[in-house]
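> If you scroll down you'll find the structure; I have some questions about it.
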């Protein structure tokens, strides 16, 4: 089923991708293209639904901007059939989050074609704004120069977001169409692989030249994977040491103000009503005084640690490590580090990987008679 073709890079990598996506949008079955788009009114990149091929002159899928995980937006767009087909361009972590939402009955894949590009990473929001001020209008070109090892520039002074530096899922394995950058000579060509029947049908209409997988691609991916995995394991060790008892965890989360930004930003927090914004935690005024008298002093607002523990219990099996929780925190609490550390162990325990496959049922969603025998004590 896999078909491999190539995009010839002529003017620049970004210009060639824009030409490719213009071709995709002009195909007969495609009604719209969902893709990161540079806003004309401000130098920021946000997801956009594009129906006019000429507007793709502003698309910027390689920009190191990641203001939100768009999985939940795509889930809302696909929750009911429209009779029209949309091509959807997502980062690998967005794609994995969307897979989880589909499994949780929050979206559908029937009318979309998922397109993914090897992910070069992104900056935290604050760093991206600073980077754009330094790099100017050609900020994506400046980022690519450093990210692809093609020279030095303003991007040398900025570091990828923590979540990106430890992400081992930087190729879009779940995509119908995968655009390969790693291990390619991006001044000449990039790879396009159709991994599904939907992807093959779409690629067939583009009249692109057939290609072979270059021998250096696998090596480049393996080298980066080795580094990312080592950095990830170091992060897990440091975070575990910093949170391995309730006192340390309380200190770790001491700056939490219960803004719930991390919940809002999380793509797999899908509940229509969260218990933390109901009257369950609207405590009686006398209760605060009672707690304070018992302990001598209490941190305000209360319930901050309980809030994070509840979120961990609720969604650690679905966490894709996109880092938007940390990106949204006004007090720079390393929420991602904590959630990825716990989620990694939780998913290992269930032999589950969030976003790995549509047909893989989420943990606890079905009864398994032989699961956790050492816990239940059944012989």
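The values are calculated or read from the model by the stated rules, or taken from the named source; none is laboratory data. What you are looking at is a predicted structure, and each value in this text was computed from that prediction instead of being measured. FYI the Cβ positions are ideal-geometry reconstructions off the backbone, even for glycines, and counts take in every protein chain you see.
> Only one of 272, 226 is under 25 Å from the mean Cα position of the chain (by Cα) and over 23 Å from residue 316 (Cα atoms). Can you tell me which? Walk me through it before giving the result.
Details: 272 fails: over 23 Å from residue 316 (Cα atoms).
Only one candidate qualifies: 226.
> Please give the number of the condition residue 339 fails out of (1) part of a helix (DSSP H, G or I); (2) over 27 Å from residue 98 (Cβ atoms); (3) in contact (Cβ under 8 Å) with a residue 24 or more places away in the chain.
(2)
> Could I ask something else about it? Counting only residues that are surrounded by fewer than 19 Cβ atoms within 10 Å (Cβ to Cβ), at pLDDT 95 or above and farther than 19 Å from residue 228 by Cβ, how many does the range 111-126 have? Break it down into steps so the answer makes sense when it comes.
If we filter the range 111-126 for residues that are surrounded by fewer than 19 Cβ atoms within 10 Å (Cβ to Cβ), which is where we start, we get 111, 121, 125-126.
Then drop every residue that is not at pLDDT 95 or above, which leaves 111, 121.
Now narrow it down to the ones that are farther than 19 Å from residue 228 by Cβ: 111.
Number satisfying all stated conditions: 1.
> Among the residues of the range 33-46, write down those that are touching a helix residue (DSSP H, G or I) at 6+ places or on another chain (Cβ under 9 Å) and surrounded by fewer than 19 Cβ atoms within 10 Å (Cβ to Cβ).
Residues of the range 33-46 touching a helix residue (DSSP H, G or I) at 6+ places or on another chain (Cβ under 9 Å): 33-35, 37-40, 43-45.
Within the range 33-46, 39, 40, 43, 44 meet the criteria.
> Determine which single condition residue 197 fails, assuming it passes every other condition in (1) exposed (fewer than 12 other Cβ atoms within 10 Å of the Cβ); (2) more than 27 Å from residue 86 (Cβ to Cβ).
Just one mismatch for residue 197, condition (2).
> While we're on this one: Please go through the range 154-167 and give me each residue that is surrounded by 17 or more Cβ atoms within 10 Å (Cβ to Cβ) and in contact with a helix residue (DSSP H, G or I) (Cβ under 8 Å, 6 or more places away or on another chain), ordered by number. Explain how you work it out, then say what you get.
So the first thing to find is which residues in the range 154-167 are surrounded by 17 or more Cβ atoms within 10 Å (Cβ to Cβ), and the list is 154-155, 158, 160-164, 166-167.
154, 155, 158, 161, 162, 163, 166, 167 - these are the residues of the range 154-167 that are surrounded by 17 or more Cβ atoms within 10 Å (Cβ to Cβ) and in contact with a helix residue (DSSP H, G or I) (Cβ under 8 Å, 6 or more places away or on another chain).
> I'd like to know if the range 86-96 contains one or more residues that are within 30 Å of residue 366 (Cα to Cα) and assigned to a strand (DSSP E or B). I'd like the intermediate steps shown before the answer.
Step one: list which residues in the range 86-96 are within 30 Å of residue 366 (Cα to Cα), which gives 90-96.
If we keep only those that are assigned to a strand (DSSP E or B) too, we end up with 90.
The answer is yes, given that some residue of the range 86-96 is within 30 Å of residue 366 (Cα to Cα) and assigned to a strand (DSSP E or B).
> Quick test for you: out of 29, 67, 53, pick the one residue that is crowded, with 17+ Cβ neighbours inside 10 Å, at negative phi, in contact with a strand residue (DSSP E or B) (Cβ under 9 Å, 6 or more places away or on another chain) and in the same structural domain as residue 149 (by TED's automatic domain parsing).
Values: 29 fails: crowded, with 17+ Cβ neighbours inside 10 Å; 53 fails: crowded, with 17+ Cβ neighbours inside 10 Å.
None of the others qualify; the one that does is 67.
> Within the range 209-225, count every residue that is in contact (Cβ under 8 Å) with a residue 40 or more places away in the chain and either touching a helix residue (DSSP H, G or I) at 6+ places or on another chain (Cβ under 8 Å) or closer than 26 Å to residue 149 by Cβ (or both).
Step one: list which residues in the range 209-225 are in contact (Cβ under 8 Å) with a residue 40 or more places away in the chain, which gives 209-213, 221, 224-225.
With the extra rule that they be either touching a helix residue (DSSP H, G or I) at 6+ places or on another chain (Cβ under 8 Å) or closer than 26 Å to residue 149 by Cβ (or both), the set shrinks to 209, 211-213, 221, 224-225.
Looking only at that region, the number is 7.
> Anything in the range 229-269 that is assigned to a loop (DSSP other than H, G, I, E, B) and closer than 30 Å to residue 105 by Cα? List them, or say none. Quick ask: steps written out before the conclusion?
Kept after step one, since they are assigned to a loop (DSSP other than H, G, I, E, B), are these residues of the range 229-269: 243-245, 253-260, 266-269.
Of everything in the range 229-269, those that are assigned to a loop (DSSP other than H, G, I, E, B) and closer than 30 Å to residue 105 by Cα turn out to be 258, 259, 260, 266, 267, 268, 269.
> Looking at the range 234-251, which of its residues are within 30 Å of residue 95 (Cβ to Cβ) and either in the same structural domain as residue 340 (by TED's automatic domain parsing) or surrounded by 13 or more Cβ atoms within 10 Å (Cβ to Cβ) (or both)?
Applying the first criterion (within 30 Å of residue 95 (Cβ to Cβ)) to the range 234-251 yields 234-240, 243.
Those that are within 30 Å of residue 95 (Cβ to Cβ) and either in the same structural domain as residue 340 (by TED's automatic domain parsing) or surrounded by 13 or more Cβ atoms within 10 Å (Cβ to Cβ) (or both): 235, 236, 238, 239, 240, 243.
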